[in-house]
Every structure is written in structure tokens, then in C-alpha cells.
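Here the structure is laid out as C-alpha cells; the discussion comes afterwards.
The values are calculated or read from the model by the stated rules, or taken from the named source; none is laboratory data. Here the structure is a predicted model, which means the values were calculated and not measured. In case anyone asks, the SASA skips ligands and DNA or RNA and just uses the protein heavy atoms, side chains included. Shrake-Rupley method; radii C 1.70, N 1.55, O 1.52, S 1.80 Å.
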Amino acid sequence: MTTVLIVDDQALQRLGFSMLLEQHPDLTVVGEATHGAEAVRLTAELRPDVVLMDVRMPGMDGIEATRRIVESGGRSRVLVLTTFDLDEYAYAALRAGASGFLLKDALPDELTAGIRAVASGDAVIAPGLTRKLIDAFSAHLPGTTPAQDRQLTALTTREREVLTAIATGWSNTEIANRFSLAESTVKSHVSHILAKIGARDRVQAVIFAYDMGLVRPA
């Protein structure tokens with residue numbers, strides 16, 4: 001059973017998401033919040049598996065709420081929802097630690113699949129959309145830090161190749177075919193990469209790869 005907290009300042013949006021999720025026996029809405037501060041408080045109280053986070057809200061916005069939820073160290077993961085496919089606020093939320101990004105008008109199956117993926121520890125941003133986000137806001141990418149340099153140095157040559165492939169948008173199957181590896185080996189490489197660079201998921205790995213210059217915006 002996957003528990004979900006819905007965060008949106010629009011009552012109709014919250015109702016729509018709740019009605020959609022109630023149709024799936026493996027998804028349960030445990031609470032609703034109308035702004036970021038309430039989202040942080042309810043996440044601490046209810047400990048949902050996934051927080052469906054709106055970005056633009058009065059008071060504390062979804063970016064700051066995401067940052068506080070992630071920094072709390074709890075098990076809840078954040079899936080950002082926004083109206084715009086090139087929303088700088090949503091991009092900032094990813095940098096704050098969100099595990100995925102979807103549009104509010106995503107198909108019902110896409111939304112529910114995204115929730116399940118995030119709950120299982122995966123990321124849900126389509127490669128093309130990830131690239132659009134990073135390309136659009138590449139000017140905001142900061143320089144590297146000594147800690148990041150050490151993390152990159154800790155990667156083996158193969159792990160760097162796999163990380164670059166991830167940032168390019170390749171799936172595990174595509175990576176396996178490209179480097180003549182078993183998919184299980186690719187999964188093992190991905191796990192080691194995430195651990196070495198301190199990334200929660202593939203989304204954070206993509207951002208790290210861009211920060212380190214392994215991949216450049218088109």
C-alpha cells in the first residue's frame with residue numbers, strides 16, 4: 001500500500017487527485033495540504049510514502065516545502081506537479097531534492113505510475129523533459145564544490161560512462177546494450193553511483209552529471 005499526501009491550494013485540484021487515487025486499491029490518500037508549511041507539518045505527522053507537491057502556493061511555496069521535507073531525513077519522497085513543462089520553480093524543486101516532475105494534466109495512468117515509481121525509489125521524469133528543464137535553466141547551474149570533485153573521483157571509469165548515459169536519458173536496457181552488459185550489472189552500477197555521489201535517485205544523478213560537466217546542455 002502506497003500512502004499519498006496531496007499538496008495544492010486549489011480545492012478542485014485536490015478533489016480530482018483524490019478521486020483518481022481512490023480508484024486504485026494500492027494507493028491511499030492520507031491527507032491534504034493547502035500550502036507548504038502545512039505540507040511540512042503533515043508530512044512529519046503522517047509520514048506518507050509520496051507527497052504530491054504543487055509548486056506555486058501562497059506563503060511557503062513547494063520549493064521550500066520540498067527542501068524541508070527532504071532535509072528532515074524522513075522516508076517521504078516528493079513528486080512535483082506543475083502546470084508548465086518549463087517551470088523554473090519546478091526545476092528548483094528538483095534541485096531541492098524532489099524525486100520527480102509531472103505536469104498536472106498528465107494522463108491518469110502516468111500520474112499513478114509516477115507515484116508508484118517514486119514510492120519504490122525510482123524517478124519519473126521522462127528523459128526528454130529532463131533535458132528540456134536542464135537546457136532551459138543551465139545558466140543556474142553552479143560551479144563544482146570540492147565535495148563533488150571527490151565524489152566524481154570516487155567513480156570508476158565504467159561508472160562515469162554509465163552516469164553520463166543516465167544523464168543523456170538512456171534507460172538501463174539501452175545502457176546494457178551500448179556497453180554489452182547484463183541489465184543486472186547496469187542496475188548494480190547505478191546503485192553504486194548513487195551511493196558514491198550521494199544522490200537519492202536518477203534525477204539527482206542527472207543534475208550531478210550536469211554540474212560536473214559530464215554532459216552539456218544542447
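Tabulated data for the structure shown
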read-out: Using alpha carbons only: equivalent-ellipsoid semi-axes of the range 1-108, gyration tensor based, whole Å; value: 18, 16, 13
read-out: Relative contact order, percent, the chain [alpha-carbon distance under 8 Å, six or more residues apart]; value: 15 percent
read-out: Largest-first principal axis extents of the Cα set of the chain (Å); value: 49, 35, 30
read-out: For the range 104-119 and the range 169-188, distance of Cα centres in Å; value: 24 Å
read-out: Average accessible surface area per residue within the range 142-212, 1.4 Å rolling probe, Å²; value: 48 Å²
read-out: MRE, 222 nm, helices only [DSSP H, n ≥ 4, -39500 (n - 2.57), over the chain, to nearest 500]; value: -16000 deg cm²/dmol
read-out: Rounded D (µm²/s) - the range 142-212, Kirkwood Rh over Cα pairs, Stokes-Einstein at 4 °C, 1.567 mPa s; value: 108 µm²/s
